[in-house]
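One structure is given here, and the rest of the page talks about it.
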Amino acid sequence: MAWVYIEDLGRHIGEEVTLKGWLYNRRSSGKVHFLLVRDGTGICQCVASHADIGPAAFAEADHLSQETSLEVTGVVREDKRAPGGRELAVKHFTVHAPSADYPITPKEHGVAFLLDLRHLWVRSARQHAILRVRSEVEAACRDFFHERGFILFDAPILTPTSCEGTTNLFEIDYFGERKAYLTQSGQLYAEAGALAFGKVYCFGPTFRAEKSKTRRHLTEFWMVEPEVAYFTLDEDMQLAEDFVSYILTRVLQRRRDELVALDRDLSKLERASVKPYPRITYDEAIDRLRAKGFEVKWGDDLGGDEETALSSDFDTPVLVHRYPAQCKAFYMKRDPLRPEVALCVDMLAPEGYGEIIGGGQREDDYDQLKQRLIDHKLPLKPFNWYLDLRRYGSVPHAGFGMGIERMTAWCCGIHHIREAIPFPRMMERLEP
Ligand code: 4AD
Ligand code: MG
């Protein structure tokens, strides 16, 4: 019998097919059992009548428990009333393995309980929709860069140094001989790649020992980071804008059903996909914040509340550029016209989703970079290879990093980014 995935049922109307999946839910009208079967691609209502499947199978169907694995064979028919517009008229079914007392029932559960059962929670419809959007975001990231001739240049996860400051660095004992660190960003390695290949991107897990328990912070998150030789800040901002608009357009095209299932306001995402995005300087951001009653000092980095307030002025992402150099990482190039600011940019998403992209132009002068390392009290020796990039044919270059979970959370309109990754890692959570 032809094994078919639920998402492909539309091509098999009137045919006899087999679904392989799990029992999501069921109800009964006495003479007919409605088995809701999920197979990962969708949920199909399978209608099993006493007349069609016989008394033994009919009795068995009445006792199937949630998440029992099973194969169901029947004829596909269109039915406007069925979820998804199609249903299966069951001829017979076989149970693979039972599932007794499945802990996640259709009733409401608390988030802590569900997070403890994350390995099972990912089977639920809502989590399904979110993680399918995530998968689309990641695919869109790869396609965007490959369509533009970027080389995927994977960065290491075990590193000898920090990249984004030492305050949130995870330290590891490396064979009892030395310390290693979990990477905070692949950027420094992507820079080596850019000087070798012109335009590259890296894409992988990154780690921050963040002591902040906010809805925007994970200790392990995925970052996609392009880096381009001969790029300046303006070109970098253009790339970031094109990139985010591309991802939104793609998710709206291909994951519309999931967004609808999540009750996402599609018009907001559609509006946010329209370029150009506004660009304001940090100075202008400070003026806007003061006008809104925030007490912000020039020189401070912007916090979550400030980002939310700023972005509420716009219905697309906004690019905030030229932050004070003092609140940014050591590698940022200073603006030659105003050395107190860095040639950097943060992109803030609308609707309170905060910073989704951080990046900018890198210091490409050997002496300046070396001095920055000293100023930031970073050891020179482990950065010697990085200084080599300024010793041998240094060029202006720029790039950025986008957090996949923040982007996904924004697309889905969910409150906390912990649901935007299969197995979230936070300060208070390492399991499952
Ligand atoms: O602004 P960040 O720290 O920038 C960098 O790491 C640069 N080295 C990137 C580059 O230029 N190649 O982080 C970039 C993005 C943020 O805008 C945010 O989307 C995400 O990574 N991010 C986090 N996501 C979840 N949890 C955290 N703790 C995050 N920290 C940063
Ligand atoms: Mg940042």
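Side notes on the structure shown:
- Between H416 and T214, residue separation times 0.36 nm minus the direct Cα-Cα distance comes to 71.9 nm.
- Subtracting the Cα-Cα distance of Q238 and V75 from their residue separation scaled by 0.36 nm leaves 53.5 nm.
- For E431, net neighbour charge (Lys/Arg +1, Asp/Glu -1) across residues whose Cβ lies under 9 Å away: +1
- Taking W385, W222, W121 in turn, the Gaussian network model of the chain (Cα-Cα springs below 10 Å) assigns the largest fluctuation to W385.
- Net charge over other residues, Cβ less than 13 angstrom from the Cβ of L19 (K, R count +1; D, E count -1): -3
- Using C-alpha pairs below 8 Å separated by at least 6 residues, the relative contact order for the chain is 14 percent.
- Measuring r between the beta carbons of R126 and S49 and using R0 = 30 Å, the FRET efficiency lands at 0.45.
- The angle between the Cα long axis of helix 50-61 and the longest principal axis of the Cα atoms of the chain comes to about 60 degrees, rounded to the nearest 10.
- Residue-count net charge about G399 - beta-carbon cut-off 11 Å; Lys, Arg +1, Asp, Glu -1: -3
- Counting only DSSP H runs of at least 4 residues, each contributing -39500 (n - 2.57), and dividing by the residue count of the chain, the helix-based mean residue ellipticity at 222 nm comes to -9500 deg cm²/dmol.
- Rounded to 10°, Cα long-axis angle of helix 282-291 versus longest principal axis of the chain: 70
- Cα pair distances exceeding 36 angstrom across the chain, given as percent: 38
- Once both labels are positioned 7 Å from their Cα atoms along Cα-to-Cβ, the gap between V274 and A291 label points is 2.2 nm.
- Spatial offset of segment 389-432 relative to segment 171-229 amounts to 9 Å, using the alpha carbon center of each.
- Average accessible surface area per residue within the chain, 1.4 Å rolling probe, Å²: 46
- FRET efficiency for the pair K107 and Y392, taken as 1/(1 + (r/R0)^6) with r the Cβ-Cβ distance and R0 = 56 Å, rounds to 0.30.
- Against the chain, whose longest principal axis is taken from its Cα atoms, helix 187-197 shows a tilt of about 80°.
- Spin-label proximity, D8 to segment 39-58 - amide N less than 20 Å from point 7 Å beyond Cα toward beta carbon: 39-46
- For the pair segment 319-373 / segment 12-63, the C-alpha centres are spaced 58 Å from each other.
The values are calculated or read from the model by the stated rules, or taken from the named source; none is laboratory data. Remember, predicted model here, so these are calculated numbers, not experimental data. Methodologically, a virtual Cβ is constructed for each residue, glycine included, from the backbone with ideal geometry; neighbour enumeration extends over all protein chains shown. Accessible surface is based on the protein model in full, side chains and every heavy atom, while ligands, DNA and RNA are left aside. Shrake-Rupley method; radii C 1.70, N 1.55, O 1.52, S 1.80 Å.
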